[in-house]
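Peer 1: Below is the structure I would like to discuss, written out as C-alpha cells.
The values are calculated or read from the model by the stated rules, or taken from the named source; none is laboratory data. As the structure is a computational prediction, the values presented were derived from the model and not from experiment. Quick reminder, even Gly has a Cβ in these numbers, built from the backbone with ideal geometry, and neighbours come from all protein chains shown.
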Amino acid sequence: MELKNSKWAEGELLARRAEVLGTWPTGKEVDLEEAVSYHRQLPAAKQFSLKLLEAKERKITLAQPRAGVALINEHIDLLRYLEDEGGADLLPTTIDSYTRQNRYSEAQTGIEESRTMGRSMLNGFPAVNHGVAACRQVVEAVKNPVQVRHGTPDARMLAEITLAGGFTAFEGGGISYNIPYAKDVPIEKSILWWQYVDRLTGYYEENGVSINREPFGPLTGTLVPPCISHSIGIIEALLAAEQGVKNITLGYGQCGNLLQDVAALQTLTELGEEYLGRFGYRDVNLTTVFHQWMGGFPQDESKAFGVIAWGAATAALGKATKVIVKTPHEAFGIPTKEANAAGIRATKQVLNMLKDQKLEETPGLADEKEVIRKEVHSILERVLLLGEGDLAQGAVRAFQAGVLDVPFAPSRNNAGKILPVRDNNGAVRLLEFGNLPLPAEVQEFHREKIAERGRAERREPSFQMVIDDIYAISKGMLVGKPR
C-alpha cells in the first residue's frame with residue numbers, strides 16, 4: 001500500500017483487520033460491532049474525551065500517573081490504589097516492553113513467571129495476551145477513565161484489543177513511537193501502521209464512540225527544543241484527523257525554564273488549532289498534556305519531590321489540560337505503588353494551589369512564544385513543500401533531509417545533526433542547527449543566548465555544556481554550570 005495522507009476507505013480498514021487480528025489468538029475475541037455497543041454503554045465518568053473537555057472548559061489541570069504490572073488482579077489493585085490513595089484524575093495502563101515490540105510469546109512467558117514468582121516479572125501490562133475480556137475487567141474495576149500508554153512502532157494489534165476492551169484513550173503516533181524508540185523501523189511503515197490505528201479510531205468515532213488520541217510529546221525526553229516536539233505533534237495530529245480522529249491531545253515534555261515551558265504550552269494549542277483549521281479539521285477537539293521532567297532524577301526523595309513540584313507548577317501556570325506525573329523513585333527504576341501515589345498527591349497539592357493563578361504576559365514570555373511560532377512555521381512549511389502537498393510523504397522526506405531531526409534518538413532514519421544546549425537561564429537552545437530550516441534571525445537569537453552563557457561561565461560553548469546539562473537536574477541544578 002502506497003503511503004499517502006488520505007483517509008482510508010472503510011473497506012480498506014476492514015480488509016486489513018483479518019491479517020492483524022491473526023497475529024495472536026486473542027485477536028479472535030475482537031468483534032468490532034459488539035465493541036462499539038460496549039463503549040456506548042460506558043458511563044460518562046469513564047470516557048477520557050469527556051473528562052478532558054470538561055477540564056479544558058473549567059481551566060483546570062488533571063493529574064495522571066504511569067503504571068502497569070503483569071497480572072490482571074494486581075494491575076487492578078495498582079490502579080485502584082492510585083485513584084484512591086493518590087487521587088489520580090485519569091488512569092494509565094502502561095504496556096510491557098515485549099508487547100511494545102510485538103513479542104507476544106515472550107510476554108506470555110513473563111505472565112507465567114509472574115504467577116510463579118508472586119510479583120510482576122514484566123514492566124507493564126501485556127494487554128494483547130490478556131485479551132478483550134481482561135481489559136474490560138480493568139476498565140470496569142476503576143472509577144476513572146483509562147488510557148493505553150506504551151511505545152510501540154506497530155500498535156495495530158494492541159489498538160484492536162484495547163479499544164475493543166473499553167479503553168477510551170490511546171497514546172502514540174507513527175513518528176513519536178518510532179524515532180525515539182526503534183533503531184531500524186522505516187518511517188513509511190510506522191506511519192502506515194499508525195494510519196491503521198487512527199482509521200480504527202475514526203471508525204469508532206463514526207459509530208458514536210469518541211476515543212482520545214495522544215501523540216507522544218516528549219520524544220527522547222532529553223533537551224528536546226519545543227519547535228521539534230511541536231512540529232512532530234502537529235504532523236501526527238493532522239495525520240490522525242485525516243483518518244477521522246476527533247479528540248486529540250498534543251503533548252510537550254518539560255524543559256525546565258518556566259517562561260519557555262509556558263510559552264511552549266500556549267503555542268502548542270495555538271499552532272495546533274491553526275494547522276488543523278487550515279486543513280479543514282475544524283471539528284477536532286484539541287487538548288494538551290504536559291509531561292513532568294523526563295530526564296535524570298535526583299536519588300534523594302526530597303530532591304525528587306522538588307523536581308515533581310516544579311513540573312506541577314509549570315503545568316498549572318501553562319494551563320495544560322493534564323499533567324503526566326513522575327515519582328520520587330525515578331532514579332531507581334519502576335516505582336512502588338506508594339511512591340507513585342505520593343508523586344500524584346504532591347502534584348495535586350501544587351495544581352490546587354495554582355489553579356486560580358495566572359502567569360502574566362511579560363516581554364520575555366512574548367519573545368519565547370514568537371520564537372517558537374517562527375521555528376514551527378518554518379519547519380512545517382518545509383515539510384509540506386517536501387511532500388508536494390502530501391503530509392505523510394513530507395514527513396518521510398523531511399527526516400531524510402534532516403528538516404525533522406530529534407536529538408539523541410536511536411533511529412537510523414533520524415539525521416542526529418542538531419545539538420541542543422541550555423542558555424544561561426536554562427531555556428533549551430540550539431548549539432548546532434543541522435538542516436533545520438530556521439530563519440536567520442532565529443538562528444542568531446540562539447547563538448547570542450548560548451554566547452551569553454559562555455561569557456557568564458568563562459568558557460566556549462561546546463559539547464561539554466550539553467553533557468553537563470544532561471546530568472544537571474540529577475545533581476541538583478537546571479543548568480550544568482561548572483562548580
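Peer 1: Which residue pairs have Cβ atoms under 6 Å apart, sit 6 or more places apart or on different chains, and have a first residue in region 27-44 that is assigned by TED's automatic domain parsing to the domain that holds Asn207 and a second that is part of a helix (DSSP H, G or I) and at pLDDT 95 or above?
Peer 2: Close Cβ pairs (under 6 Å, with a partner that is part of a helix (DSSP H, G or I) and at pLDDT 95 or above) amount to Gly27/Leu21; Glu29/Gly131; Glu29/Val132; Val30/Leu21; Val30/Glu160; Val30/Ala164; Ala35/Ala164; Ala44/Leu50.
Here's the yes/no breakdown for (1) under 28 Å from Phe290 (Cβ atoms); (2) within 21 Å of the chain's Cα centre (by Cα); (3) crowded, with 18+ Cβ neighbours inside 10 Å:
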position	(1), (2), (3)
Pro43	yes, no, no
Gly86	yes, no, yes
Glu113	no, no, no
Pro126	no, yes, yes
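Peer 1: Kindly indicate which of Asp469, Asp405 is closer than 15 Å to Ile179 by Cβ, modelled with pLDDT of 95 or more and touching a Leu at 6+ places or on another chain (Cβ under 7 Å).
Peer 2: Answer to the selection: Asp405.
Peer 1: If you don't mind, another one. Here are Arg429, Arg453, Arg382: which of them is under 18 Å from Gly233 (Cα atoms) and either touching a helix residue (DSSP H, G or I) at 6+ places or on another chain (Cβ under 8 Å) or part of a strand (DSSP E or B) (or both)?
Peer 2: Step by step, each of Arg429, Arg453, Arg382 is checked, and only Arg382 is under 18 Å from Gly233 (Cα atoms) and either touching a helix residue (DSSP H, G or I) at 6+ places or on another chain (Cβ under 8 Å) or part of a strand (DSSP E or B) (or both).
Peer 1: Here's something else I'd like to know. Which strands (runs of 3 or more DSSP E) sit wholly inside region 239-355 and have at least 1 residues that are surrounded by fewer than 21 Cβ atoms within 10 Å (Cβ to Cβ)?
Peer 2: Output list reads 285-291.
Peer 1: Quick check: is even one residue across region 18-40 under 30 Å from Gly333 (Cα atoms) and either in a helix (DSSP H, G or I) or hydroxyl-bearing (Ser, Thr, Tyr) (or both)?
Peer 2: There is no residue in region 18-40 that is under 30 Å from Gly333 (Cα atoms) and either in a helix (DSSP H, G or I) or hydroxyl-bearing (Ser, Thr, Tyr) (or both).
Peer 1: Could you check region 183-192 and list, in sequence order, the residues that are surrounded by fewer than 22 Cβ atoms within 10 Å (Cβ to Cβ) and among the hydrophobic types (A, V, I, L, M, F, W, C)?
Peer 2: Answer for region 183-192, where residues must be surrounded by fewer than 22 Cβ atoms within 10 Å (Cβ to Cβ) and among the hydrophobic types (A, V, I, L, M, F, W, C): Val185, Leu192.
Peer 1: Same structure, new question: Going by the conditions given, is Arg17 in the same structural domain as Ala107 (by TED's automatic domain parsing), of a type outside the set (S, T, N, Q) and under 30 Å from Gly387 (Cβ atoms)?
Peer 2: yes
Peer 1: Is one or more of the residues making up region 50-64 out of contact with any strand residue (DSSP E or B) (no Cβ under 7 Å at 6 or more places or on another chain) and over 29 Å from Leu265 (Cα atoms)?
Peer 2: no
Peer 1: Another question, if that's okay. I'd like to check something: does region 49-67 contain any residue that is under 29 Å from Lys246 (Cα atoms), touching a helix residue (DSSP H, G or I) at 6+ places or on another chain (Cβ under 8 Å), without any contact (Cβ under 8 Å) to a residue 60 or more places away in the chain and not acidic (Asp, Glu)?
Peer 2: Looking for residues that are under 29 Å from Lys246 (Cα atoms), touching a helix residue (DSSP H, G or I) at 6+ places or on another chain (Cβ under 8 Å), without any contact (Cβ under 8 Å) to a residue 60 or more places away in the chain and not acidic (Asp, Glu), one finds none in region 49-67, hence no.
Peer 1: Next up: Could you tell me how many of the residues in region 1-11 are in contact (Cβ under 8 Å) with a residue 24 or more places away in the chain, charged (D, E, K, R) and either part of a loop (DSSP other than H, G, I, E, B) or closer than 19 Å to Glu188 by Cβ (or both)?
Peer 2: 2
Peer 1: Please give the number of the condition Ala440 fails out of (1) of a type in the set (Gly, Ala, Ser); (2) closer than 30 Å to Pro482 by Cα; (3) over 21 Å from the mean Cα position of the chain (by Cα).
Peer 2: Result: Ala440 passes all but (2).
Peer 1: Also, I was wondering about something else. What number of residues within region 450-483 are touching a residue at least 12 places away in the same chain (Cβ under 8 Å), more than 17 Å from Val307 (Cβ to Cβ) and aliphatic (A, V, I, L, M)?
Peer 2: 5
Peer 1: Need a quick list: helices (runs of 4 or more DSSP H) entirely within region 87-182 having at least 3 residues that are in the same structural domain as Ser49 (by TED's automatic domain parsing) and farther than 28 Å from Phe408 by Cβ.
Peer 2: So the answer is 104-117, 127-141, 156-164.
Peer 1: Is it the case that Thr222 is in contact with a strand residue (DSSP E or B) (Cβ under 7 Å, 6 or more places away or on another chain), among the hydroxyl-bearing types (Ser, Thr, Tyr) and outside the structural domain of Ile473 (by TED's automatic domain parsing)?
Peer 2: Against the criterion (in contact with a strand residue (DSSP E or B) (Cβ under 7 Å, 6 or more places away or on another chain), among the hydroxyl-bearing types (Ser, Thr, Tyr) and outside the structural domain of Ile473 (by TED's automatic domain parsing)), Thr222 does not qualify.
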